[in-house]
1. When segment B:22-60 is examined, which residues are found to be closer than 30 Å to A:PRO7 by Cβ and part of a loop (DSSP other than H, G, I, E, B)?
2. What tally of residues in segment B:1-18 results from selecting those that are buried (at least 19 other Cβ atoms within 10 Å of the Cβ) and among the aliphatic types (A, V, I, L, M)?
3. Just checking, how many residues over segment A:43-102 are touching a residue at least 60 places away in the same chain (Cβ under 8 Å) and out of contact with any strand residue (DSSP E or B) (no Cβ under 7 Å at 6 or more places or on another chain)?
4. Go through the residues of segment A:47-60 one by one and say whether even a single one is outside any strand (DSSP E or B), surrounded by fewer than 17 Cβ atoms within 10 Å (Cβ to Cβ) and among the aliphatic types (A, V, I, L, M).
5. Taking B:LYS14, is it basic (Lys, Arg), more than 26 Å from A:LEU46 (Cα to Cα) and touching a residue at least 12 places away in the same chain (Cβ under 8 Å)?
6. Being part of a strand (DSSP E or B) and not polar (S, T, N, Q) is the filter here; which residues of segment B:90-116 pass it?
7. Return the pairs, sorted by first residue and then second, in which the second residue is surrounded by 12 or more Cβ atoms within 10 Å (Cβ to Cβ) and in a loop (DSSP other than H, G, I, E, B), the first residue lies in segment B:39-55 and is free of Cβ contacts under 8 Å to residues at least 12 places away in the same chain, the beta carbons are less than 6 Å apart, and the residues are 6+ apart or on different chains.
8. Could you check segment B:76-89 and list, in sequence order, the residues that are touching an Asp or Glu at 6+ places or on another chain (Cβ under 9 Å) and either part of a loop (DSSP other than H, G, I, E, B) or polar (S, T, N, Q) (or both)?
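The values are calculated or read from the model by the stated rules, or taken from the named source; none is laboratory data. Since this is a predicted model, take the numbers as computed values, not measurements. Every residue, glycine among them, receives a Cβ derived from its backbone with ideal geometry; neighbour counts consider all protein chains shown.
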Amino acid sequence: AQRVTQPEKLLSVFKGAPVELKCNYSYSGSPELFWYVQYSRQRLQLLLRHISRESIKGFTADLNKGETSFHLKKPFAQEEDSAMYYCALSAQGGSEKLVFGKGTKLTVNP
Amino acid sequence: GAVVSQHPSRVICKSGTSVKIECRSLDFQATTMFWYRQFPKQSLMLMATSNEGSKATYEQGVEKDKFLINHASLTLSTLTVTSAHPEDSSFYICSATTGSYTDTQYFGPGTRLTVL
């Protein structure tokens, strides 16, 4: 069975501090991992996916198959990063069904 | 590009009535659309996968006779909640994709359903 675990429901940091949102997954095959973000009163949108190996808005995430993790990191958090972040897993690419974690609400304080 | 709309954004209905929610891809052809349900302060739960021109595939535990899904065209999928009850009150979100492996899902803004 596919499962995504985000252990932190809430995460609060100060502006300029590093931030790491944790994501662990359970899947027997080779998954594709995603991070989605939902800003206040906005729709869910893709932040990044592991196969792209991009840095979006200063965020990066590395897939660690040994630890089955896909943690999201940013070295210097900004107030505009405050949002709900969801880690998601797909068995077969971005167009296939996604299994979401429960989400982490990030608050960046001034 | 890649915009998905949902209509209505909010709906209130009486118990026992049926409600239809539309999901449209505005600027691309969506071979596949997904319907999710989100409870307050909780994650998205996939209800069903809808492929254009074929029957929807429902996730375990989702009543197909209660949540009717139709994907009649490459730009429109509808979710009909039949004989709605207060426990069906929720936030329903759709997503759409072209179906390409390298593509992603584009999410609609969601529909808030309240059943009285």
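1. Hits for segment B:22-60 are B:PHE39, B:PRO40, B:LYS41, B:GLN42, B:SER43, B:GLU59, B:GLN60.
2. Residues meeting the conditions: 1.
3. Counting residues in segment A:43-102 that are touching a residue at least 60 places away in the same chain (Cβ under 8 Å) and out of contact with any strand residue (DSSP E or B) (no Cβ under 7 Å at 6 or more places or on another chain) gives 4.
4. Checking segment A:47-60: at least one residue is outside any strand (DSSP E or B), surrounded by fewer than 17 Cβ atoms within 10 Å (Cβ to Cβ) and among the aliphatic types (A, V, I, L, M).
5. Answer is yes for this residue.
6. Correct list: B:PHE91, B:TYR92, B:ILE93, B:CYS94, B:ALA96, B:TYR106, B:PHE107, B:ARG112, B:LEU113, B:VAL115.
7. B:SER43/A:LYS102; B:SER43/A:GLY103
8. Matches in segment B:76-89: B:SER77, B:THR78, B:THR82.
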